[in-house]
Amino acid sequence: MDKLVIQGGRPLEGTLPVSGSKNTALPLMAGALLAPGITTIENVPNLRDILTFANILRIAGAHVDYDPAAHHLTIDASRISHPEAPYELVKKMRASFYMLGALLGRAGRARVSLPGGCAWGPRPVDLHLEGLKTFGAEIDLEEGYVVARAPGGRLAGGRFRLEPSSVGATVNLLLGAVRARGTSRIENAAMEPDVVVFGQALQRMGARIEGLGTPTIEVEGVDQLYPIPFRNCPDRIELGTFMIAAAIAGRPGSPVRLTHADPEHLGEAFLDAFRQTGCCVDVGDDVLTVTAPETLRPVSVETAPYPGFPTDLQAQWTVLLARVPGEGFVTDTIYTDRFKHIPELQRMGLRATISGNRVSIRGGQRLQGTKVMSSDLRASVSLVLAGLIAEGETHVLRVYHLDRGYENLEGKLAAAGIAIRREAYDEFAAPSVPEDE
Ligand code: EPZ
């Protein structure tokens with residue numbers, strides 16, 4: 001297994017490039033199945049989740065080619081012979097459940113494994129199933145699989161309200177609705193940029209969709225969708241993560257440049273909270289510059305659907321609060337138990353108390369490097385951030401979680417002045433026994 005080893009206390013300086021968005025690339029890949037022919041997607045990040053999803057598409061019968069150096073993906077969906085997504089792949093990545101809407105939309109039938117649990121608690125898919133049923137799907141659960149069928153080969157369409165709003169269910173319902181016989185209406189739809197960019201790609205493929213980026217999306221089904229060349233957008237969560245890195249580890253008064261970025265996709269709540277910490281943010285077209293102040297201010301945040309503060313940035317924010325003298329709070333209203341990083345940060349000296357879906361941080365004390373364990377993607381990047389500002393060496397174990405969503409993080413940070421390296425280690429090796437004197 002690999003770990004990242006970080007020597008703390010070096011300033012972050014220069015430029016960090018932002019890769020393509022993981023959470024937009026995945027629905028774009030699922031959407032390619034709707035169009036017989038060859039779809040190309042540019043700016044696809046070289047990540048484990050992308051490779052997993054490419055394999056899922058291959059099982060369904062698509063030919064998929066990925067050039068990781070060029071970040072170029074080609075999907076030939078001329079023939080979809082096997083409308084199925086097996087447990088072995090779905091269990092690795094919940095977004096594989098997009099295959100349900102994609103296969104129903106393309107083939108009128110699907111057999112997709114239920115995703116099961118997640119590191120930070122239950123993440124149900126009831127809305128995906130109820131919504132697709134409302135749009136006309138006949139759905140049975142058989143031995144851990146969802147077996148779905150569109151009578152007559154195409155969904156009918158319908159009207160469904162998401163409660164709560166859900167990114168994944170909005171994507172699945174769009175995948176199902178664009179080729180339905182009738183019209184569909186998704187209420188309380190997700191407004192996240194990932195969904196909007198995906199919907200715009202569907203529009204370019206020939207779909208008739210109105211209301212993207214608003215809570216009500218209306219779709220008039222069409223007979224045929226066409227493959228297109230498409231450029232994926234930059235990853236907003238990686239951008240936010242780098243902004244926090246610049247705030248806590250940048251030299252006060254020295255700007256850090258984040259390139260290939262789309263600052264609009266961050267949403268107002270994150271940008272407001274970030275500015276309130278005292279950081280200076282300069283927003284350009286596809287560049288954002290962060291200048292850290294002498295002393296950061298503690299700013300409490302509460303996650304909410306877009307344009308609220310993203311849940312995918314709350315773990316990183318706890319490290320920012322750790323850096324700042326005073327007390328601050330992080331409240332997650334999307335997930336009730338997404339704090340697996342806190343006990344690991346406490347091993348580094350963080351003073352924090354969790355109560356329910358809220359954690360209070362009393363910051364300002366220097367963290368100490370030690371061995372810490374990743375539990376999921378955003379938790380693991382928060383441990384790397386903690387390593388930047390800790391005394392001594394931090395070893396972040398099980399970085400396969402990080403590799404799901406951050407491309408070449410160590411290479412990017414090393415090029416910006418951070419002492420960080422990747423090492424293989426044996427998770428089950430016994431510690432050496434000290435010899436008797
Ligand atoms: C997406 O997950 C993202 N994943 C997550 O990012 C992100 O944390 C999440 O949206 C919230 O922004 C991808 O885009 C691949 P939801 P998703 O359905 O779609 C409840 C990362 O780190 N809900 O919007 O699975 C659910 O429990 C990942 O990159 C239901 O109750 O999240 C949650 O409270 C992790 N029933 C809320 O909705 C359902 O059927 C929002 O979840 C579906 C969801």
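Per-structure values
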quantity: Pairs, first outside any loop (DSSP other than H, G, I, E, B) in the stretch 282-305, second of a type in the set (D, E, K, R) and surrounded by fewer than 16 Cβ atoms within 10 Å (Cβ to Cβ), C-beta under 6 Å, six or more apart; calculated: Thr289/Asp282
quantity: Residue in the stretch 361-381 that is of a type in the set (D, E, K, R), touching a strand residue (DSSP E or B) at 6+ places or on another chain (Cβ under 8 Å) and farther than 14 Å from Ile6 by Cβ present; calculated: yes
quantity: Selection count, the stretch 161-174, where residues are charged (D, E, K, R) and within 12 Å of the ligand (Cβ to nearest atom); calculated: 1
quantity: Of all residues making up the stretch 320-334, the number that are closer than 22 Å to His265 by Cβ and either more than 10 Å from the ligand (Cβ to nearest atom) or open to solvent by 40 Å² or more (accessible area, probe 1.4 Å) (or both); calculated: 4
quantity: The stretch 138-160 - residue that is within 16 Å of the ligand (Cβ to nearest atom) and touching a Lys or Arg at 6+ places or on another chain (Cβ under 9 Å) and, of those, nearest to Gly108 (Cα to Cα); calculated: Ala148
quantity: Hey, Tyr66 at pLDDT 95 or above and within 13 Å of Val146 (Cβ to Cβ) or not; calculated: no
quantity: Counted residues, the stretch 133-170 - those being of a type in the set (Phe, Trp, Tyr) and part of a strand (DSSP E or B); calculated: 2
quantity: Subset of the stretch 40-51 [at pLDDT 95 or above and open to solvent by 10 Å² or more (accessible area, probe 1.4 Å)]; calculated: Thr40, Glu42, Asn43, Asn46, Leu51
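Results for (1) in contact with a Ser or Thr (Cβ under 9 Å, 6 or more places away or on another chain); (2) over 19 Å from Leu47 (Cβ atoms), shown as yes or no for each residue.
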position: Gly369; (1), (2): yes, yes
position: Ala379; (1), (2): no, no
position: Gly387; (1), (2): yes, yes
position: Asn408; (1), (2): yes, no
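The values are calculated or read from the model by the stated rules, or taken from the named source; none is laboratory data. Everything numeric in this text was worked out from a predicted model, so none of it was measured. Glycine gets a Cβ as well: all are built from the backbone with ideal geometry, and neighbour counts include every protein chain shown. SASA here: full protein model, heavy atoms, side chains in, ligands and nucleic acids out. Shrake-Rupley method; radii C 1.70, N 1.55, O 1.52, S 1.80 Å.
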